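Okay, so here's the structure we're looking at.
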Amino acid sequence: MGLDRRVFMGGAAVAASSLAMPYGFAKGNGTPKVVVIGGGAGGATAARYLAKDSKGALDVTLIEPSRSYYTCFFSNLYLGGFKNLDDLAHSYGTLASGYGVNVVHDWAVGVDRDKKYVRLAGGARVPYDKLILSPGIDFVEGSVAGWDILAQNKMPHAYKAGSQTELLKAQVMAMPAGGVFAMVAPPNPFRCPPGPYERISMVAYLLKTHNPTAKILVADPKPKFSKMALFQEGWGTHYDGMIDWIGPDFGGDNVVVNPDEMTLSIDGEVTKVDVCNVIPAMKAGRIAEVADVSDGRWAPVHARDMSSKADKDIHVLGDAALQGDMPKSGFAANSQAKVCANAIRGALTGSKIFPAKFSNTCWSLIDDDDGVKVGASYKATDEKIAKVSGFISKTGEDAATRANNYKESEGWYAGITKDMFG
Amino acid sequence: MVSGLRLFLMTATGIWFGLFLLGQAAFAVDLGDKEKGRKLFKLCKHCHQIGQGAKNRIGPHLNLLFGRKAASIDGFRYSKGIKRAAAGGLEWHADTLSAYLENPKNLVSGTRMNFVGMKDLDQRMDLIAYLRLFSDNPADIPEADPTVSDAGHDLDPAILALKGDPDYGDYLSGECTACHQTSGQDDGVPSIVAWPEDDFVRAMHAYKKQVRQHPVMQMIAGRLSDDEIASLAAFFANIKE
Ligand SMILES: Cc1cc2nc3c(=O)[nH]c(=O)nc-3n(C[C@H](O)[C@H](O)[C@H](O)COP(=O)(O)OP(=O)(O)OC[C@H]3O[C@@H](n4cnc5c(N)ncnc54)[C@H](O)[C@@H]3O)c2cc1C
């Protein structure tokens, strides 16, 4: 894709004009085509809602290489021993059989924005009238000195769930008595702001039972992180003395790892570690660059319908999108997907387009039955997705409230995965 | 605790309550006449005891009610509904009691308290003034639990009469199904399908007015208009469980 394709730059407000009359369909035959790249939180939801609500008036294709999607959400609970790996796996069978989504297990490797088709690794070309990208994240090369993707077996990121998560857990279980678990935390913005800290809590929970003299070392480039007061309170009460969090004041932003030696250097001070969970800086999944809708890191979108600012026929959801105030979460991707599906269906079939509205809630488990939550609601402005109101758990809450939060989060997980995969 | 700014007012004549600021409006309502309340308590008597030596009967005893967490009397078998509301932060104060007594389902869907409700605000205030006598230092109000008056959670009948648009409800339901399952299955988040529309509307307005405590639902309901709530009620009522 060359720069010459940036013809739609500037993003005129086109959604409204498409309300009354469906598009002239690119491929000549009757049913308008929507292609979704990425069958994760955003993509699966969008495909399901498009197919469900259009009742056959749209031809929906979902392109996703994996046959099973392992949710990153709740993967920390697998580390802590609260969930099995199987609990995190979801297949695409219901989307295909129950909703008529055409699920293609392949990688998208190219997007021709002029001719409007997607090229697959297997060679096929898939035409579209509207294209949705929800490819999640990739890592910024060179963001952690000494680490690259080839080192991911020695120093796993476990920030895409599945084998990486399993590997990280196996490494924690194999730590020698009194060993050191290290994490290199990512800079903003990144997927799931409380994720690394929930992970620290769950690793501490695991070690407390299996290896109580072990230590946890966190090198963090950020002076503050999500739910910081809640996590620090919880670490104090449940895992006193186990967790050493090193912020940028003490060199948390000046880190070098050596995967062969299994060392971590913080501000020049070298520590030998037994497990090193490196979570690098992130950017939109590569296909966003390939389609040339990325600003170099993320893909800017219009808040009202998640359409790309570079191309009115491409929409970007979830982690990959640069949208404003929403965190990069599965909940957010699911919420954005429904707004996007409603707008695309309106544009292609003339159905009514309702105003955009978004919300998000993220739970984190700190210890057995000690759950906390943070949430907010959002609206679409011309400029961005803007926060309207929010809430967060308080420090010092009673045990019943915290236990209830955890129960609620289990209910949410069951609900939202059904909302995504049917 | 109920959010909103609570101020507190007392006069020499007895128990005068509350400036309760909810949004822009401020209310000041007399808590009521405890003598009238004593007579009204006969409506509660065959299920509840109050006063010295009170025991749990069909309902729990009602001593030391003010400031008490809901469903917290040891040895009483409470419903799942009220236990969940308690875990969500429900405490007994004048405002929450008023909502509960007006229609127990306002606050707690699935409560075992089988009481039709007391529609009259003055009667509720009288009864609450009476219940207040059996809490800590009833005369010494400023040191005791701060209580507030009813803040008008009485639902306008016009709101209950609104006819919702199920198609709009269908679109809006997308926000709900991130947590509530359309199958009605409860894996930790309650079922909201196939409810009587009135109960649904009452529950949503109780969150919106922050009479129900749950922060997630307060945020979500807080953004919904009366029409939107009616549309959601219409949509969810017609999903088969
Ligand atoms: C440890 C951890 C804990 C988390 N906890 C929570 C939580 O509690 N709550 C919450 O809401 N969120 C949580 N998240 C965040 C959540 O997982 C992500 O924000 C969410 O998955 C983003 O959805 P998405 O659709 O943007 O991307 P993803 O869900 O990552 O989906 C992207 C999909 O696209 C596919 N793909 C990529 N490139 C291509 C291509 N070229 N062709 C075809 N397919 C492609 C990938 O295979 C993948 O399946 C957590 C994340 C982590 C790492």
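Among all stretches of chain A without exposed GluC sites (Glu not before Pro) (DSSP loop, at most 13 other Cβ atoms within 10 Å), which one is longest?
On the way: sites that count: A:Glu141, A:Glu261, A:Glu383.
With GluC sites (Glu not before Pro) excluded where exposed in loops, chain A gives A:1-140 as its longest stretch.
Loop-only trypsin sites (Lys or Arg not before Pro) in the range A:197-295, please: DSSP not H, G, I, E or B, and at most 13 other Cβ atoms within 10 Å.
Working: sites: A:Arg199, A:Lys208, A:Lys215, A:Lys224, A:Lys227, A:Lys272, A:Lys283, A:Arg286; in loops: A:Lys224, A:Lys227, A:Arg286.
For trypsin sites (Lys or Arg not before Pro) across the range A:197-295 that sit outside H, G, I, E and B with at most 13 neighbouring Cβ atoms in 10 Å, the list reads A:Lys224.
Only helical DSSP H runs with n ≥ 4 go in: add -39500 (n - 2.57) per run for the protein assembly as shown, normalise by residue count and round the 222 nm mean residue ellipticity to 500 deg cm²/dmol.
Using -39500 (n - 2.57) per qualifying helix, the result is -9000 deg cm²/dmol.
For A:Asp368 and B:Lys55, FRET efficiency with R0 = 51 Å and r from the beta-carbon atoms, rounded to 0.05?
According to the calculation, E is roughly 0.90.
Trypsin sites (Lys or Arg not before Pro) within the range B:177-240: which are DSSP loop residues with at most 10 other Cβ atoms inside 10 Å? Before the final figure, lay out each step's value.
Working: sites: B:Arg202, B:Lys208, B:Lys209, B:Arg212, B:Arg223, B:Lys240; in loops: B:Lys209, B:Arg212, B:Arg223, B:Lys240.
Here the trypsin sites (Lys or Arg not before Pro) that fit, given the DSSP loop and packing criteria, are B:Lys240.
Once you sort the root eigenvalues of the Cα gyration tensor of the range A:334-422 as a ≥ b ≥ c, which label holds: rounded (a/c under 1.5), prolate (a/b larger than b/c) or oblate (the other case)?
Numbers: a/c = 4.41, a/b = 1.93, b/c = 2.29.
Verdict is oblate for the range A:334-422.
Gain in length, A:Thr31 to A:Leu150, computed as 0.36 nm per residue apart minus the alpha-carbon separation, to one decimal in nm?
Values: separation 119, 0.36 × 119 = 42.84 nm, distance 4.38 nm.
Answer, rounded to one decimal: 38.5 nm.
Please compute the modelled spin-label separation between A:Lys224 and A:Phe250, points set 7 Å along Cα→Cβ, answer in nm with one decimal.
2.0 nm
What do you get for Rg/Rh over the range A:147-280 if you use C-alpha atoms and the Kirkwood form of Rh?
Values: Rg = 13.6 Å, Rh = 14.8 Å.
Computed over Cα atoms, the ratio is 0.92.
Rounded if a/c is under 1.5, else prolate if a/b is larger than b/c, else oblate: which is the protein assembly as shown, with a ≥ b ≥ c the root eigenvalues of its Cα gyration tensor?
Values: a/c = 2.35, a/b = 1.41, b/c = 1.66.
Oblate, since a/c reaches 1.5 and b/c is not below a/b.
Here, each number is a calculation from the coordinates, and none is a lab measurement. Worth saying up front: this structure is predicted, and the values here are computed from it rather than measured. Positions of Cβ are generated from backbone atoms using ideal geometry, with glycine treated the same way; all protein chains shown enter the neighbour counts.
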